[in-house]
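The structure appears right after this line, and notes come after that.
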Amino acid sequence: GQAFSSIVFASYGTPSGISCSTFQVSTDCHASTSLAVVQSLCLNLTSCSISVSNDVFKLDPCLGTAKHLSVSAECSDSTASWGNWTDKSGNMYGPAYMHNPLLLTDGRVMGVIGNRVFALSPDIFGSYTNGTWSELAHMPVDNRPVYFASAVLPSGQVIISGGEYNTNGNYDRTVLYDPVTNSWSDIPKPSFATVISDAPSVVLPNGQFMLGLCVTSPAMGALLNITSLTWTQKKFFNKIGAWCDEDGWTMLPNGDMLSVPTSNGGQPVAEVYNFATDTWSVSGSTVNMLPADGEMGPEILKPDGVFIAFGASGNVALYDTVSSVWSAGTPMPLIDGNRCHTTDAPTAVLPNGNVLFACATGPGFGNSGAFFFETDGFTYKPITPALSNDFPYQYSMLVLPTGEIFMTNPSSIYTPSAAQKQYQDAWRPVIASIQKTTLCAADTNIKISGTLFNGMTTGAAYGDDVQAATNYPLVRITNMASLHVFYCRTHDHSSMAVQDKTSTVSTYFDVNRNIEVGASTLVVVTNGIPSQPITVTISKTCVSITSQPTFKPTSAILSTNKPITITMQPSARTSSTVPLTTKPTTASPSTIKPTIITIQPTAKTTSSVPLTTKPTTASPSTNKPTLQPTAKTTSSVPLTTKPTSGSPKPSTITIQPTVKTTSSIQPTITTQPPSSTTMPPLNQPSIQSTLKPTTANPSRIIQSTAIPISQGNLVCGISSENSVLVLTCPRGQAFSSI
């Protein structure tokens, strides 16, 4: 019953040895693709079959020589530490091979190829793997950037600047996308810039966008005023390198910016930028050299406060943001005796705080294709290979609101395992107040405030060529009856500071115009980690806002994280804005339960009467199921040029996609439970049954509810005859007792 958890050795050619412990790679005949091919065919399976041929391993390592395959693999009792990839190319050229993905604040994924722009929208249940593609407004026809600076601004607009490759050598163009009007506009080039090209960029804690001018010497930055669309020069005093080319920038919890420069004078150093003084200073030695051949790997801040820098050299360094001390991480794994490295490679932070990254072996950008690992900087776990076997520099990663990882080339989604989804409660955003809890589809500019709205990390990293930060809040509303999910566009975030656990920050959201009426839950989600839900009511009738927020938990509630439950029993109907007062209940402080609002008017009057509230029994939240398709795909994307050590990435790529997709998706139509006058208390187990579908009665699933007990959670369910009872454990748990 075990499954393959690791491929220890794989060689197609003339390897020596007759047992697991004696296998050795032949120096004369060995296919460099051996390990990647075997991993793709065997990892996480209980058994696998491999055809031993040149076609399978995509090359002949020694012409005219009889070859064989030797493999040793490790088996484990559980495959719970790995996730899986799902093809999202849709057999369409654009979505398949777009790059530089960004997460719009309405929940859509945006990416470009040439001057064409595409968006992936989640389905009605919030699933991106079941989502659909659409095409957005094109960028200007003469702007076709490849490898450029980009960001989602606090306004919700998108900025794209420069391009290592672009039409007619147009490396300095900057454009702004407005998702509300679906339109692009130009931003003038900084007058003091020599060239932008593949510049590093960052959104500072105060929300300003800053570019590092790529090969302008001496090194300098450009700060954008988004209102006037003008640039201010940053002098970058005392910077080690002569320019910013190939550097990656990462924001730290104290508001400074950390970078490992590629132009470092041959020294293993890193430097910190202080925005207030416009000054760089040495942050210490990285112990081992990280850059190689003028390139650097991704750099990212983890939720535990440790900054991890992946080197193009194969070395890894860790920086403790509390003690400001560097230490050496474990070098990247050896693949067939060669050190894996991250020369221009993607990385993304999983919900559990570990990092998913791609690496390659061989000189320059690699000659082995990509290998994927999960790491904390010390140990490495191999991850199921991607759906294509390209070089790491051809991939870009993006953290989705679901905690999944979107990756380009071809567009695919990595769904983490239960273990990889386990985040700490201390990393959740916390909702402190919302302007009102009765919403309608026409509502805009609804203010919501709290802490950790910008998360514990920027989400994903690559370097100077790609930036895909997601350290900003999204608002997600789920209808309690239908389980349908609606993202509401957020904008005008008050801060972009990561790991700020104490400051109260805010954003505004516009209610999704397609939202359904009824009792719903609302969460703020950042980097795939949601807040505890609060309950809102989506009404057909809109109520104007004429005062300060009508829902604001008291300081006692915030300090103890107790649930908030409101029962409104007005003695009169009024057209005025009515503040709500709340009292915490005695429910367990271990989790924040969603609120319930029940309105029971007893009289009609034209007078203005304040409402008072009474606490009722709190109710636990419910994790709804996510539908996951299964798909098989093969992709062949030959390149007409191959990069060499120290050379730029190929500018001419011939793409011949031959994507074959066999999808086996059994959709389940979810309908609301039997109607009742009031919603049942959420702390009672819900009935979950899959009924035989008919025209009048489609199939349905109602998620079971977990009740905390002393040793775990109690899950209950009831199902009628000729139906199917489905029970689901929360948070990756398993049934330990019936």
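The values are calculated or read from the model by the stated rules, or taken from the named source; none is laboratory data. Just so it is clear, the structure is predicted and the values come from calculations on it, not from any experiment. Backbone-built Cβ (ideal geometry, glycine too); neighbour counts: all protein chains shown. Calculation scope for accessible area: heavy atoms of the full protein, side chains included, ligands and nucleic acids excluded. Shrake-Rupley method; radii C 1.70, N 1.55, O 1.52, S 1.80 Å.
Being crowded, with 22+ Cβ neighbours inside 10 Å and in a loop (DSSP other than H, G, I, E, B) is the filter here, so list the residues in segment 357-368 that pass it.
Matches in segment 357-368: Thr361, Gly364, Phe365, Gly366.
Given (1) open to solvent by 10 Å² or more (accessible area, probe 1.4 Å); (2) closer than 23 Å to Ala348 by Cβ; (3) touching a strand residue (DSSP E or B) at 6+ places or on another chain (Cβ under 9 Å), where does Ala419 come up short, assuming only one miss?
Checking Ala419 against (1) open to solvent by 10 Å² or more (accessible area, probe 1.4 Å); (2) closer than 23 Å to Ala348 by Cβ; (3) touching a strand residue (DSSP E or B) at 6+ places or on another chain (Cβ under 9 Å), the one that fails is (3).
Across segment 174-207, what is the number of residues that are assigned to a loop (DSSP other than H, G, I, E, B) and either among the hydrophobic types (A, V, I, L, M, F, W, C) or open to solvent by less than 40 Å² (accessible area, probe 1.4 Å) (or both)?
Looking only at that region, the number is 14.
Out of the residues in segment 36-60 that are loosely packed, with under 13 Cβ neighbours inside 10 Å and over 22 Å from Asn367 (Cα atoms), which is nearest to the chain's Cα centre (by Cα)?
Among them, the one singled out is Leu45.
Answer yes if at least one residue in segment 502-515 is among the polar types (S, T, N, Q), part of a strand (DSSP E or B) and surrounded by fewer than 21 Cβ atoms within 10 Å (Cβ to Cβ), and no otherwise.
yes
So which of Thr457, Thr490 is open to solvent by less than 10 Å² (accessible area, probe 1.4 Å) and not in a loop (DSSP other than H, G, I, E, B)?
Matching residue, one of Thr457, Thr490: Thr490.
Here is a list of conditions, (1) touching a residue at least 60 places away in the same chain (Cβ under 8 Å); (2) touching a Ser or Thr at 6+ places or on another chain (Cβ under 7 Å); (3) in a strand (DSSP E or B), and Ala119 meets all of them except one; can you say which number that is?
If we test Ala119 against (1) touching a residue at least 60 places away in the same chain (Cβ under 8 Å); (2) touching a Ser or Thr at 6+ places or on another chain (Cβ under 7 Å); (3) in a strand (DSSP E or B), just (1) comes out false.
If I ask for residues that are among the hydrophobic types (A, V, I, L, M, F, W, C) and more than 30 Å from Cys542 (Cα to Cα), which ones from segment 413-448 would you list?
Within segment 413-448, Ile413, Ala418, Ala419, Ala426, Trp427 meet the criteria.
Which residues, taken from segment 431-461, are of a type outside the set (Gly, Ala, Ser) and under 21 Å from Thr321 (Cβ atoms)?
Once the filter is applied, which keeps residues that are of a type outside the set (Gly, Ala, Ser) and under 21 Å from Thr321 (Cβ atoms), segment 431-461 yields Thr451, Leu452, Phe453, Asn454, Met456, Thr457, Thr458.
I want to confirm something. Restricting to segment 3-20 and keeping residues that are part of a loop (DSSP other than H, G, I, E, B) and surrounded by fewer than 19 Cβ atoms within 10 Å (Cβ to Cβ), which single residue is modelled with the highest pLDDT?
Out of the qualifying residues, it is Thr14.
Given the structure, is Phe118 in contact with a Lys or Arg (Cβ under 8 Å, 6 or more places away or on another chain) and open to solvent by 10 Å² or more (accessible area, probe 1.4 Å)?
No: the conditions fail for Phe118.
Mind checking which pairs have a first residue in segment 169-186 that is over 16 Å from Leu211 (Cα atoms) and a second that is outside any strand (DSSP E or B) and charged (D, E, K, R), Cβ under 7 Å, 6 or more apart or different chains?
Asn170/Asp142; Pro179/Asp106
Just checking, which of Thr330, Thr321, Thr402 is in contact with a Leu (Cβ under 8 Å, 6 or more places away or on another chain) and among the polar types (S, T, N, Q)?
Thr321
Checking the structure you have, find out if any residue of segment 122-131 is in a loop (DSSP other than H, G, I, E, B), under 30 Å from Cys244 (Cα atoms), modelled with pLDDT of 95 or more and open to solvent by 40 Å² or more (accessible area, probe 1.4 Å).
No, the conditions are met nowhere in segment 122-131.
Picking from Asn454, Asn479, which residue would you name as being closer than 19 Å to Leu104 by Cβ and out of contact with any helix residue (DSSP H, G or I) (no Cβ under 7 Å at 6 or more places or on another chain)?
On inspection, the qualifying residue turns out to be Asn454.
How many of the residues in segment 208-224 are open to solvent by 70 Å² or more (accessible area, probe 1.4 Å) and either under 25 Å from Val505 (Cβ atoms) or among the small types (Gly, Ala, Ser) (or both)?
1
Inside segment 151-210, can you point out the residues that are in contact with a Pro (Cβ under 6 Å, 6 or more places away or on another chain) and of a type in the set (Asp, Glu)?
If the condition is that a residue be in contact with a Pro (Cβ under 6 Å, 6 or more places away or on another chain) and of a type in the set (Asp, Glu), then no residue fits.
When you scan segment 428-448, do you find a residue that is open to solvent by 20 Å² or more (accessible area, probe 1.4 Å), touching a Phe, Trp or Tyr at 6+ places or on another chain (Cβ under 7 Å) and more than 20 Å from Thr502 (Cβ to Cβ), even just one?
yes
Residues that are within 16 Å of Asn354 (Cβ to Cβ) and without any contact (Cβ under 8 Å) to a residue 60 or more places away in the chain: does segment 455-476 have at least one?
No, because not a single residue in segment 455-476 is within 16 Å of Asn354 (Cβ to Cβ) and without any contact (Cβ under 8 Å) to a residue 60 or more places away in the chain.
Quick one: how many residues across segment 191-234 are under 13 Å from Phe148 (Cα atoms) and of a type in the set (Gly, Ala, Ser)?
4
Pick from Ala358, Ala348: which is free of Cβ contacts under 8 Å to residues at least 40 places away in the same chain and within 16 Å of Tyr395 (Cα to Cα)?
Ala358
Yes or no: segment 539-554 includes at least one residue that is out of contact with any Leu (no Cβ under 6 Å at 6 or more places or on another chain), surrounded by fewer than 23 Cβ atoms within 10 Å (Cβ to Cβ) and modelled with pLDDT of 95 or more.
yes
Open to solvent by 10 Å² or more (accessible area, probe 1.4 Å), within 24 Å of Ser539 (Cβ to Cβ) and hydrophobic (A, V, I, L, M, F, W, C): which single residue out of Ala469, Ala481 fits that description?
Only one candidate passes the filter, namely Ala481.
Say whether the condition of being farther than 23 Å from Leu400 by Cβ, open to solvent by less than 40 Å² (accessible area, probe 1.4 Å) and either modelled with pLDDT under 85 or in a loop (DSSP other than H, G, I, E, B) (or both) is met by at least one residue in segment 82-100.
So far as segment 82-100 goes, no, none of its residues is farther than 23 Å from Leu400 by Cβ, open to solvent by less than 40 Å² (accessible area, probe 1.4 Å) and either modelled with pLDDT under 85 or in a loop (DSSP other than H, G, I, E, B) (or both).
Take segment 132-158 and flag every residue that is crowded, with 21+ Cβ neighbours inside 10 Å, more than 23 Å from Gly528 (Cβ to Cβ) and of a type outside the set (Ser, Thr, Tyr).
Asn143, Pro145, Phe148, Ala149
Taking only pairs six or more apart or across chains, which ones have beta-carbon atoms under 7 Å, a first residue in segment 379-403 that is over 18 Å from Ser89 (Cα atoms), and a second residue that is at pLDDT below 90 and polar (S, T, N, Q)?
Hits for this filter: Lys381/Ser81; Pro382/Ser6; Pro382/Gln39; Thr384/Asn44; Thr384/Asn84.
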